[in-house]
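Here's the structure we're looking at; comments come further down.
The values are calculated or read from the model by the stated rules, or taken from the named source; none is laboratory data. Predicted, not measured: the structure shown is a model, and the values here were computed from it. Note that each Cβ is placed from the backbone with ideal geometry, even for glycine, and that neighbours are counted across all protein chains shown.
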Amino acid sequence: MAKAKAIEEKLPEVAERTVNRACEEGKEIIFEKAQNMRYGHDYLEQEKKAYQESFVTKATRKGKRIVGYIQTNNPHAVYAENGTGVVGSQNPNTAIKGWEYDVNQHGEKGWNYFADGKFHHTKGLPAFKIYYSTGQELRKRIKEIFKEEMKGYKG
C-alpha cells in the first residue's frame, strides 16, 4: 500500500517529465522533417528556418492537465504549416479552423512576389503539416514515453 501511495504522489512529476520529453522529441522530429522540405525545385529556406526556430515551453499545469507546447514566433511557419493559394487548398490542414486559402482570389493565375533579388511566380504552397503530423506521432508514442519515465522513477 505504501509503495502505491508513493507512486500516486509522484504521478504529477512523472507526467510533467513525460510531457517535457515528448515536446523535446517533437522538436527534434520537426527539425528533421524541416530539413527535408522541398516543393518543386525550391528548397523553401524561409519555411525551413521557421520550423527550425521552434522552441519548447516547459510543461505547465492547466487544471488537472499538464501541457507543453512546441512553437515558433516565425510568421513563415503558419504559411508552411497550412499552405497558401490554390495549391494549399488542394490538401488543406484541417487542424486549423478558419484558415482561408487564396484570400486575394488569384486562382489558377497565381501571383508574383519579390525575394532573393528577383521576381518569382507562384500559385501558393502546399500545407506541409509538420507540426500537425508531429503531434500525431507524439500521440501514438506518449504512452510509451510515460512507461519509460515510470520505469526511470526511483521513489
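Observations, loosely collected:
- Output for the stretch 123-137, where each listed residue is within 18 Å of Thr72 (Cβ to Cβ) and surrounded by 18 or more Cβ atoms within 10 Å (Cβ to Cβ): Leu125, Ala127, Phe128, Lys129, Ile130, Tyr131, Thr134
- Single condition Ile142 does not satisfy, out of (1) under 22 Å from Leu44 (Cα atoms); (2) of a type in the set (A, V, I, L, M); (3) surrounded by fewer than 17 Cβ atoms within 10 Å (Cβ to Cβ): (1)
- Tabulated pairs, the stretch 5-18, first among the basic types (Lys, Arg), second outside any helix (DSSP H, G or I), C-beta under 9 angstrom, 6+ apart or interchain: Lys10/Tyr153; Lys10/Gly155; Arg17/Ala59; Arg17/Tyr153
- Residue in the stretch 58-68 that is over 21 Å from Leu125 (Cβ atoms), in contact (Cβ under 8 Å) with a residue 60 or more places away in the chain and either crowded, with 18+ Cβ neighbours inside 10 Å or in contact with a strand residue (DSSP E or B) (Cβ under 8 Å, 6 or more places away or on another chain) (or both) present: no
- Given (1) at pLDDT 90 or above; (2) farther than 22 Å from Pro92 by Cα, index of the condition Ala6 fails: (1)
- When residues in the stretch 51-69 are screened for being closer than 19 Å to Ile130 by Cα, small (Gly, Ala, Ser) and not in a strand (DSSP E or B), 1 of them pass.
- Of residues in the stretch 79-113 being β-branched (Val, Ile, Thr) and at pLDDT 90 or above, the one nearest to Lys129 (Cα to Cα): Thr84
- Number of positions in the stretch 99-155 that are part of a helix (DSSP H, G or I), small (Gly, Ala, Ser) and in contact with a helix residue (DSSP H, G or I) (Cβ under 7 Å, 6 or more places away or on another chain): 1
- Filter result for Lys48 (within 18 Å of the chain's Cα centre (by Cα), surrounded by 12 or more Cβ atoms within 10 Å (Cβ to Cβ), modelled with pLDDT of 90 or more and assigned to a helix (DSSP H, G or I)): no
- Residues satisfying the stated conditions in the stretch 70-89, i.e. touching a Phe, Trp or Tyr at 6+ places or on another chain (Cβ under 9 Å), touching a residue at least 24 places away in the same chain (Cβ under 8 Å) and outside any helix (DSSP H, G or I): Ile70, Asn74, Gly83, Thr84
- The stretch 87-107: number of residues that are at positive phi and charged (D, E, K, R): 1
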